[in-house]
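Please read the structure below before turning to the comments.
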Amino acid sequence: MIARNILLLLLCSNVFLAAIATAPQTCPADASSGCGDNSSGEWEGEFFPGIPKIKYEGPSSKNPLSYKWYNADEEILGKKMKDWMRFSVAFWHTFRGTGSDPFGVQTKFWPWEDGTNSVAMAKRRMRANFEFLNKLGVDYWCFHDRDIAPDGKTLEESNANLDQVVALAKELQGKKIRPLWGTAQLFVHPRYMHGAATSSEVGVYAYAAAQVKKAIEVTHFLGGENYVFWGGREGYQTLLNTDMGREIDHLARFLQAAVAYKKKIGFNGTLLIEPKPQEPTKHQYDWDAATSIAFLQKYGLLEEFKLNIECNHATLSGHSCHHELETARINGLLGNIDANTGDPQIGWDTDQFLTDIGEATMVMLSVVRNGGIAPGGFNFDAKLRRESTDVEDLFIAHISGMDTMARGLRNVAKLIEASEFSVHLYCMWWLY
């Protein structure tokens, strides 16, 4: 009997060891481990070990890594929830956010970061991005060109860096995932201190045009469905040294050139303007939806652009998000929504995840009235708080934002299906 047990133990041990030997290696998301280095020198591994694919478990679930209200394939008001929402992850906040603010330095140190801004590091972040998208169950992502690839010493070097990272993104996307929109980062580099399309220096204007040209090409190559213009520094600090009329004329010529190039290369995506009143400039020329619509009308661009409404920008301009969405919608220009919010006690663009069910209901009311938002969607232009430093928090934050918007949609459906909808919109606050 003892001999038989020993023989069985040895046999089981051999099977166990063989299983370990043949099992695929899972590397931790730790840049220092080196276990994911392949023959090309690119790091590969699991960035979010222990976090499963997020599933719908319903309102009674206590699992923080599950959807309580967002059920992607559930049909509401004639469409699947995923088709109403078209959720997107913002690469810059999710994978380039550091937790720094005007009063403090970086607080987030993701384990896969090696402290560089190299092309190799950019590729590693891109792999993390697609693992995150797949586990979250989201089909869209958004990017700035300089978020996903490092700036070079010359435009040619910057473009070459971008090409390398975009080639990997194309491979990782497969046939299902694609950009909701892309854009060019025309506000960080010192050359853009006076603006890009509104810069007083012709060399800066030309450089910005070349950067946008490349960013449109990349968005098109990746199958992106929209392209965004956010004029973070297209404005002024004082009118005493600003020829506002001339600058706005230059901005219009810049956008007209972008329209012409889009058509030339066969990019069928929607061009979007994202209004914002100020920050970083004292006054931005695309102050709010109404101002942007007037600009487009004046320069003959109404048929070429729609608006990307960001909720936090709406409140900075003195409006509600619902107001801005309705202004865009009734003019046929609602193209996309950056789903975030600000803090009413703070006077700047805090980019928080929208978790107010009342506001989400009003937002979804506009989307339903619009018949949907495709080819736009809901991009989470939102970031973790400075004090939130766990990798798991990236999932929990997005889950909360997605569930909030899903609950807003469910509220709108209840109003419509119960025939209780009226012009007195305050009645919606009774639903929860």
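Numbers for the structure displayed
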{"read-out": "Solvent accessible area, Å² - Arg410, 1.4 Å probe, full protein context", "value": "40"}
{"read-out": "Karplus 3J(HN,Hα) series, Hz, for the stretch 381-394 with 6.51 cos²θ - 1.76 cosθ + 1.60 (x for Gly, Pro)", "value": "7, 9, 10, 5, 5, 4, 7, 9, 10, 8, 4, 4, 4, 4"}
{"read-out": "Distant alpha-carbon pairs in the stretch 181-265 (separation over 18 angstrom), percent", "value": "41"}
{"read-out": "Flagged links, alpha-carbon separation over 18 Å, of Lys82/Lys276; Lys214/Lys264; Lys176/Lys213; Lys68/Lys383; Lys264/Lys298", "value": "Lys82/Lys276; Lys176/Lys213; Lys68/Lys383; Lys264/Lys298"}
{"read-out": "DSSP bridge pairs, the stretch 55-426: antiparallel proportion in percent, nearest 5", "value": "20"}
{"read-out": "Under 17 Å from Lys170, Cα to Cα: aspartates and glutamates that are on another chain or at least 8 residues apart", "value": "Glu42, Glu44, Glu131, Asp139, Asp145, Asp147, Glu217, Glu225"}
{"read-out": "Backbone N within the stretch 65-96 under 12 Å of label point (7 Å from Thr389 Cα along the Cβ vector)", "value": "none"}
{"read-out": "Heavy-atom accessible surface of the chain: percent carbon and sulfur, 1.4 Å", "value": "56"}
{"read-out": "Size-normalised alpha-carbon gyration radius of the chain, reference 2.2 N^0.38 Å", "value": "1.08"}
{"read-out": "Mean Cα-pair separation over length for the stretch 55-426, i.e. relative contact order, pairs under 8 Å, 6 or more apart, %", "value": "18"}
{"read-out": "Peptides 73-84, 133-144, 188-199, 52-63 ordered by average Cβ neighbours within 10 Å, highest first", "value": "133-144, 188-199, 73-84, 52-63"}
{"read-out": "For the stretch 69-81, Karplus couplings with θ = phi - 60° (6.51, -1.76, 1.60), whole Hz, Gly/Pro x", "value": "10, 8, 10, 3, 8, 6, 8, 9, 6, x, 9, 5, 4"}
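The values are calculated or read from the model by the stated rules, or taken from the named source; none is laboratory data. Values in this document were obtained by computation on a predicted structure and should not be read as measured data. Cβ coordinates were reconstructed from backbone atoms using ideal geometry, including for glycine residues, and neighbour counts include every protein chain displayed. When the accessible area is computed, the model is the full protein with side chains, heavy atoms only, and any ligands, DNA or RNA have been set aside. Shrake-Rupley method; radii C 1.70, N 1.55, O 1.52, S 1.80 Å.
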